[in-house]
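Every number in this text was worked out from the coordinates using simple rules, so none of it is lab data. Here the structure is a predicted model, which is why all the values come from computation and not from measurement. Cβ: placed from backbone, ideal geometry, glycine included. Neighbour counts: every protein chain shown.
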Amino acid sequence: MASVIDFLNTIFWGYVLIYGLLAVGIYFTLRLGFVQFVHFAELFRSVLRAPKTDRAGITPFQALCTSLASRVGTGNLAGVAVALYLGGPGAIFWMWMVALVGMATAYAESTLAQLYKITDEHGDYRGGPAFYMARGLGVPWAGAIFSVCLVIAFGLVFNAVQSNSIAEAMEGAFAVPKLATGVAIAALTAVVIFGGVRQIARVAEYMVPFMAGAYLLMAAYVLATHLGQVPEVLGHIVRNAFGLEAAAGGMAAAMLNGVKRGLFSNEAGMGSAPNIAAAATPEPHHPSSQGFVQALGVFIDTILICTATAVMILLSGVLQHGNGVTGMPLTQAAMSVHIGDAGRYFVAAAIFFFAFTSVIGNYAYSEAAMVFLGADGKAMITVLRLAVLAMVIWGAQEAISVVFDAADAAMGLMASINLIAIVLLSGTVVRLTRDYFGQRRGGEPAFVLEDHPGIPGEVDHAIWGRAGYRPAG
């Protein structure tokens with residue numbers, strides 16, 4: 001079994017996804033007319049306005065925070081350090097490139113998730129890649145495979161990974177036993193996830209801005225105290241990206257590690273964030289609105305938070321010492337240079353917030369998958385929640401590589417299916433985008449299904465039909 005899993009991961013992560021995710025990002029960037037750059041201000045407008053009438057969904061800001069809760073995790077701390085160690089400073093440049101084109105992919109998949117969402121039996125919006133595969137492409141079997149992989153990877157195993165990261169940080173910084181940390185995390189997780197997606201959104205709405213803001217303030221302090229060195233560091237990143245400086249294997253290593261870590265971090269094209277994007281009430285009332293919100297999530301995750309980690313490491317000088325330290329210890333060593341012994345405590349606290357919010361964000365995705373699978377009854381959702389808590393406790397103490405490799409394979413399969421689906425539905429994305437900006441020139445955009453008879457598949461008339469539209473006010 002281990003050999004089969006290793007083979008699948010080699011195929012998915014060595015060939016299909018590294019090139020596929022990048023190619024799809026470039027494809028949507030070109031086909032949508034560089035929408036993430038030309039209409040950058042729209043990303044902020046769409047997230048700052050709260051819906052006034054439709055209460056079936058969470059707010060755009062809550063959807064952004066919940067998706068960031070999952071996106072912003074240990075990869076923003078340890079993953080960036082690994083990219084620097086293996087690929088040199090130039091890896092950060094390629095992380096930027098992946099994020100900038102990935103914003104178009106994130107826009108496309110979340111726009112589709114909005115269009116093909118449904119209202120469940122509790123009156124809440126639900127949707128995601130499984131829904132646009134089934135309702136947009138007419139292939140429910142692909143949606144089922146996607147949903148099972150999502151529950152395995154994000155709902156269960158990756159939550160064990162996040163718990164393990166917290167437990168190791170707490171043990172290293174405060175000598176707290178791993179089991180005690182696991183039980184405490186599980187208890188906190190239970191308080192949040194047993195309240196459902198709305199409770200998760202409310203917690204994320206407060207916790208994510210706090211954790212991201214505190215981390216970026218620390219980065220701003222480091223930049224301010226090393227202001228004279230910042231231009232040289234940025235130049236170092238660009239020169240190394242194109243092999244103009246010899247470091248860690250040259251341009252090829254910088255590109256490979258930057259692309260890989262960037263994709264792992266921002267999740268654009270993976271099909272994860274659209275599950276929470278579909279739960280939002282967009283403002284204005286148009287599927288593209290929530291697409292802009294999730295494109296902003298990619299920008300914040302990589303361009304802001306990952307860059308903050310990279311700059312703090314590069315300004316510390318610890319990477320040049322060649323002592324073989326990488327991952328989280330490298331980030332901790334860098335912070336210790338900047339703020340002394342408090343550095344390891346700061347990193348431990350950052351890991352806690354980043355990883356804990358990933359746990360609750362990942363759970364929110366898996367609950368949407370359970371709805372698609374028809375397993376969203378009270379008993380089955382309770383089983384899922386208990387399984388998540390068990391994995392959190394187990395993950396705090398154990399790190400069995402075969403299980404984690406299996407999750408990577410599951411994520412690789414779901415991402416591959418999602419990429420095919422959004423490319424097949426790319427014409428619909430283009431149509432929605434043109435409609436949005438065509439209306440924007442004349443006022444407030446509003447999508448009404450009857451005005452678009454060529455939209456393929458099954459779209460919920462109660463949500464997007466003329467009778468279902470409720471203007472703001």
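Counting only residues at least eight positions apart within a chain, or on another chain, the aspartates and glutamates with an alpha carbon under 16 Å from that of residue 378 are 120, 121, 124, 367. Coupling constants for the stretch 302-315 follow from the phi torsions by the Karplus curve (6.51 cos²θ - 1.76 cosθ + 1.60, θ = phi - 60°), and in residue order they are 9, 5, 9, 6, 5, 5, 4, 4, 4, 5, 5, 5, 5, 6 Hz; glycine and proline get x.
Report D for the stretch 1-116 in µm² per second (integer): Stokes-Einstein, Kirkwood Rh on Cα pairs, 4 °C, 1.567 mPa s. D = 77 µm²/s.
Here the contact order of the stretch 29-132, divided by its residue count and restricted to Cα pairs under 8 Å and six or more residues apart, works out to 25 percent. When you restrict to C-alpha pairs under 8 Å that are six or more residues apart and normalise by the size of the chain, the relative contact order lands at 35 percent. In the chain, the longest principal axis of the Cα atoms and the axis of helix 250-266 are about 50 degrees apart.
Per-residue Karplus couplings for the stretch 59-72, computed as 6.51 cos²θ - 1.76 cosθ + 1.60 with θ equal to phi - 60°, are listed in order as 7, x, 5, 5, 5, 4, 5, 5, 5, 5, 4, 7, 5, 7 Hz, Gly and Pro entered as x. Helix 178-193 axis versus longest C-alpha principal axis of the chain: approximately 20°, rounded to the nearest ten.
Computed packing ranks the peptides 290-300, 342-352 as 290-300, 342-352, most packed first, by mean other Cβ atoms within 10 Å.
The string of couplings for the stretch 381-391 from the Karplus curve (6.51, -1.76, 1.60, θ = phi - 60°) is 5, 5, 4, 4, 5, 5, 5, 4, 5, 5, 5 Hz, one whole number per residue in order, with x for Gly and Pro. For the listed peptides 125-138, 408-421, a ranking on the average number of other beta carbons within 10 Å per residue, highest first, reads 125-138, 408-421. Each Cα pair under 8 Å and six or more residues apart adds its separation to the average, and for the stretch 83-235 the resulting relative contact order is 8 percent. Database remark: amide H of residue 280 closer than 5 angstrom to the amide H of 58 (H placed geometrically; neighbours at sequence offset of 5 or more, or on other chains; Pro and chain starts carry no H). Packing, taken as the mean count of other beta carbons within 10 Å per residue, orders the peptides 104-113, 20-29, 57-66 from highest to lowest as 104-113, 57-66, 20-29. Principal-axis analysis of the Cα atoms of the chain puts helix 426-440 at an angle of about 80° to the longest axis. Calculate for the chain the 222 nm mean residue ellipticity that helices alone would give, adding -39,500 (n - 2.57) per DSSP H run of length 4 or more and normalising by residue count, nearest 500 deg cm²/dmol. Here the helix-only value at 222 nm equals -22000 deg cm²/dmol. Relative to the 2.2 N^0.38 Å rule of thumb, the stretch 2-468 has a C-alpha radius of gyration ratio of 0.93. The slack in the chain from residue 452 to residue 424, taken as 0.36 nm per residue of separation less the alpha-carbon distance, amounts to 8.3 nm.
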